[in-house]
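A.B. asks: Take this structure first; my questions come after.
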Amino acid sequence: MKASTAAVKPSREVGADVVQRYEGSCDEVERVVAGAAKLRTAVRFAHPWFGPLDAAEWHGMTGMHLAIHRKQIEEILRQMKSEQK
């Protein structure tokens, strides 16, 4: 199985609820990881750029990945506020 960046591109029509959806996504990651028996397994899921990764490797990239999205959300909200002026 392989992840697709095209399959997860955000809509250009983003609303203010994006922050709540982001926080929900972060909570879901925490819930799934907490419920996993172990993250180091033979099972792999292919990252589009880094190749096959196990759950531990995917989890290791999560913080950096979510930080990128947080910056994107902050920029979207900044632009929305400036458009309202």
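A.B. asks: What single numbered condition from (1) surrounded by 10 or more Cβ atoms within 10 Å (Cβ to Cβ); (2) under 13 Å from Ala16 (Cα atoms) fails to hold for Gln84?
C.D. replies: Unmet condition: (1).
A.B. asks: Which of the numbered conditions does Leu77 fail, given that it passes all the others? Conditions: (1) in a helix (DSSP H, G or I); (2) more than 22 Å from Ser4 (Cα to Cα); (3) free of Cβ contacts under 8 Å to residues at least 24 places away in the same chain; (4) not acidic (Asp, Glu).
C.D. replies: Looking at each condition in turn, Leu77 falls short on (3).
A.B. asks: When you scan region 18-46, how many residues do you find that are more than 25 Å from Ala6 (Cβ to Cβ) and in a loop (DSSP other than H, G, I, E, B)?
C.D. replies: So the count comes out to 7.
A.B. asks: Turning to a different aspect of this structure: With the structure loaded, tell me whether Trp49 is outside any helix (DSSP H, G or I), without any contact (Cβ under 8 Å) to a residue 60 or more places away in the chain and closer than 20 Å to Thr5 by Cα or whether it fails that test.
C.D. replies: yes
No value in this document is a laboratory result; all are computed from the given coordinates. Source: prediction; values computed, not measured. With ideal geometry, Cβ positions are generated from the backbone for all residues, glycine too; neighbour counts draw on all protein chains shown.
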